[in-house]
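Student: Structure provided below as structure tokens; questions to follow.
Read-outs: derived from the displayed coordinates by stated rules, not from any lab. This is a predicted model, so every value here is computed, not measured. Glycine also receives a Cβ, built like all others from the backbone with ideal geometry; neighbour counts cover every protein chain displayed.
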Amino acid sequence: MERVPEPEIMSSAEEARVYYKADFSEVNQEFAHRVLELAPQPPALLIDLGCGPGDILIRTMKLIPQLCFIGLDASAEMLKLAVEETKKNHFSPKISFIQGDAKKLSFPSHLFDMVISNSLVHHLLDPLPLWEEVKRIIKPEGTILFRDLARPSSPEAAWEIVEKYSGNEPPLLKILFFHSLKASFRINEIKEQLTRVGLSG
């Protein structure tokens, strides 16, 4: 199946809310534990690119409260939800949220000890500027942890994945998931991108 790009920003309040209400607790907790395994010793600064409603940052904060966290997302609607969630968890002073484009970051070079991201890459028409920015902002000894979907072989295979993992979710979320699968990259494509910007290995 050829890649079918999707909109880079989830600007719809309805889409942001249905994503926020979906149950990603198990996979997000797994990701937070992986961050814990790889995180540098505090004090350290971590940024989550495409942080969405902030669930992974909050879960990570609970595991490693000594670190400083920044969440960046291009969607104002997602960031509203992230701020709400941090207030509920009383983490507002410990996590900063910034609206911005992960492909054009305003941070100084070599600022971050760790750069993480979950399900951002498939939203991008061209991820190369993102990888260039990640390479620029990470410290030479820093850690990069990205997770994303992998494009299935066919639309039929994509629908099978949707039904398997989100069969009980609202129709809108299932449609968003389906489009995200079609927009995703394959592992070999990601490896080629990383090689081009000098992030391989």
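Student: From the phi angles alone, apply the Karplus equation (6.51, -1.76, 1.60; θ = phi - 60°) to the range 185-191 and give each ³J(HN,Hα) in whole Hz, x where the residue is Gly or Pro.
Tutor: 3J(HN,Hα) across the range 185-191, in whole Hz: 9, 8, 4, 5, 5, 5, 4.
Student: Compute the signed sum of charges (Lys and Arg +1, Asp and Glu -1) over the other residues within less than 15 Å, Cβ to Cβ, of L67.
Tutor: Charge balance in the 15 Å sphere: +2.
Student: What does the net charge come to around A102 if you take all other residues with beta carbon closer than 14 Å to its beta carbon, with K and R at +1 and D and E at -1?
Tutor: Around A102, the surrounding residues sum to -4.
Student: Moving on to the next point. Can you list the HN-Hα couplings for the range 98-104, worked out from phi with the Karplus curve (6.51, -1.76, 1.60; θ = phi - 60°), rounded to whole Hz and with x for Gly and Pro?
Tutor: Coupling constants for the range 98-104: 10, 8, x, 9, 5, 8, 9 Hz.
Student: What are the ³J(HN,Hα) values, in whole Hz, obtained from phi via the Karplus relation 6.51 cos²θ - 1.76 cosθ + 1.60 with θ = phi - 60°, for each residue of the range 111-122 in sequence order, with x given for Gly and Pro?
Tutor: The phi angles translate into 8, 9, 7, 8, 10, 10, 6, 10, 6, 9, 4, 5 Hz.
Student: Please give the charge dipole size of the range 26-168, origin at the Cα centre, charges +1 on K and R Cβ atoms and -1 on D and E Cβ atoms. Round to the nearest 20 debye.
Tutor: I would put it at about 440 debye.
Student: Who wins for biggest fluctuation among K87, K139, K103 in a Gaussian network model of the chain, springs between alpha carbons below 10 Å?
Tutor: K87
Student: Over the Cα atoms, compute the radius of gyration (one decimal) and Dmax (the largest Cα-Cα distance, rounded to a whole number) for the chain, in Å.
Tutor: 16.4, 47
Student: Also, quick follow-up: Quick one: check the C-alpha center-to-center distance for the range 140-162 versus the range 53-94, whole angstrom.
Tutor: 23
Student: If the elastic network links every pair of Cα atoms under 10 Å, which of Q41, Q99, Q66 fluctuates the most in the Gaussian network model of the chain?
Tutor: Result: Q41 has the largest fluctuation of those listed.
Student: If amide H atoms are built 1.01 Å from N in the plane of the peptide, which residues on other chains or at least 5 residues away come under 5 Å of the amide H of R151?
Tutor: F185, R186
Student: Which of the residue pairs K139/K191; K135/K182; K88/K135 have a Cα-Cα distance greater than 32 Å in the structure shown?
Tutor: K88/K135
Student: Would you mind telling me which residue in L67, L181, L46 has the biggest mean-square fluctuation in a Gaussian network model of the chain, where springs connect alpha carbons within a distance under 10 angstrom?
Tutor: Checking each option, the largest mean-square fluctuation is seen for L67.
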